[in-house]
């Protein structure tokens, strides 16, 4: 969605913003593979589990680069060489202000990761950190999330033990996500500014329309930062089938070609935390409290009172403080009598 991920509210937050892991209510595991331009590929696997003491997550990413021509110090062509990188991360997140029931809340998180790079027969290793926060609130009775993260901080890679090494490039991400209802389904709108150290900032815009918690249609646009050809549209979709989510996205980058991203996410274990209130809906959250409530109101207005009672009861099970749902529940019960 226009490379806007700092407000991601699922297990992918371990990659974009560890603070957003605080909003996960059930165990999640995800695998993603990206076939980039020019024989570059990236694979990523992550798992997260929420507890009453916070959310814990682990992740692993691997970047592969196809063979390319090597040169010596005189600029003469030698043999083909390879390059790659990998990262192993451990994350923790929790609410710093409020909790899952609060309409306004602040989540924070930290990732400690081991970074390894290889260039031909040389290798370099370091330890780096990610920190992030996400603030959620209601604006005009609709959820708004603001995310901020600092990635790859504190590391220094050395291919030669005698050299000073070079710092891992810190990236700053800041973004916002606002959700509105369109035809009784959530439409998430996103904007994000990504600033890699030493490079121009890239701006990403994204839209996600989630239909009944089963199908997500996504589109976006990014300016691409320093890479001119990376400017352009992104398209994708997601399917949620019995708790298993399948995702696909593609991006066109001019002469560089088209990249393809595919992933699968599964949820496991019992719901460890109450359904979060005031967070923008996601595919992994399925029908949110707000979506359940809106469907119940529609059933009430259509005169389908027994069905409305069932839906209002579902909304109250997730959010017992919802006074409007309680009032409609009483009205629906009276109509049945």
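Of all the numbered requirements in (1) touching a helix residue (DSSP H, G or I) at 6+ places or on another chain (Cβ under 6 Å); (2) surrounded by fewer than 19 Cβ atoms within 10 Å (Cβ to Cβ); (3) under 19 Å from residue 246 (Cα atoms), residue 37 misses one, and that requirement is (3). Of all residues being in contact (Cβ under 8 Å) with a residue 40 or more places away in the chain, in contact with a strand residue (DSSP E or B) (Cβ under 7 Å, 6 or more places away or on another chain) and surrounded by fewer than 16 Cβ atoms within 10 Å (Cβ to Cβ) in region 76-109, which is farthest from residue 150 (Cα to Cα)? Just the residue, please. Among those that are in contact (Cβ under 8 Å) with a residue 40 or more places away in the chain, in contact with a strand residue (DSSP E or B) (Cβ under 7 Å, 6 or more places away or on another chain) and surrounded by fewer than 16 Cβ atoms within 10 Å (Cβ to Cβ), it is 103. Considering only region 13-34, state which residues are under 16 Å from residue 268 (Cβ atoms) and surrounded by fewer than 24 Cβ atoms within 10 Å (Cβ to Cβ). If the condition is that a residue be under 16 Å from residue 268 (Cβ atoms) and surrounded by fewer than 24 Cβ atoms within 10 Å (Cβ to Cβ), then 25, 26, 27, 29, 30, 31 are the ones that fit. When we screen 5, 54, 89 for residues that are modelled with pLDDT of 95 or more, under 28 Å from residue 269 (Cα atoms) and in contact with a helix residue (DSSP H, G or I) (Cβ under 9 Å, 6 or more places away or on another chain), the only hit is 89.
When residues of region 55-75 are filtered for being farther than 18 Å from residue 12 by Cβ and crowded, with 16+ Cβ neighbours inside 10 Å, how many remain? Give the derivation first.
First, the residues of region 55-75 that are farther than 18 Å from residue 12 by Cβ: 64-75.
Now narrow it down to the ones that are crowded, with 16+ Cβ neighbours inside 10 Å: 65.
Counting residues in region 55-75 that are farther than 18 Å from residue 12 by Cβ and crowded, with 16+ Cβ neighbours inside 10 Å gives 1.
Yes/no matrix, rows are residues, columns are (1) part of a strand (DSSP E or B); (2) buried (at least 16 other Cβ atoms within 10 Å of the Cβ); (3) without any contact (Cβ under 8 Å) to a residue 60 or more places away in the chain; (4) touching a strand residue (DSSP E or B) at 6+ places or on another chain (Cβ under 8 Å):
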residue: 125; (1), (2), (3), (4): yes, no, yes, yes
residue: 131; (1), (2), (3), (4): yes, yes, no, yes
residue: 145; (1), (2), (3), (4): yes, yes, no, yes
residue: 152; (1), (2), (3), (4): yes, yes, yes, yes
residue: 159; (1), (2), (3), (4): no, no, yes, yes
residue: 176; (1), (2), (3), (4): yes, yes, no, yes
residue: 179; (1), (2), (3), (4): yes, yes, no, yes
residue: 189; (1), (2), (3), (4): yes, yes, yes, yes
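Of all the residues that make up region 111-123, how many are crowded, with 16+ Cβ neighbours inside 10 Å and closer than 23 Å to residue 24 by Cβ? The qualifying residues number 2. Condition check for residue 112 on (1) more than 15 Å from the chain's Cα centre (by Cα); (2) in contact (Cβ under 8 Å) with a residue 24 or more places away in the chain; (3) within 16 Å of residue 21 (Cα to Cα): one failure, at (2).
The values are calculated or read from the model by the stated rules, or taken from the named source; none is laboratory data. The structure displayed is predicted, hence computed values, not measured ones. Cβ: placed from backbone, ideal geometry, glycine included. Neighbour counts: every protein chain shown.
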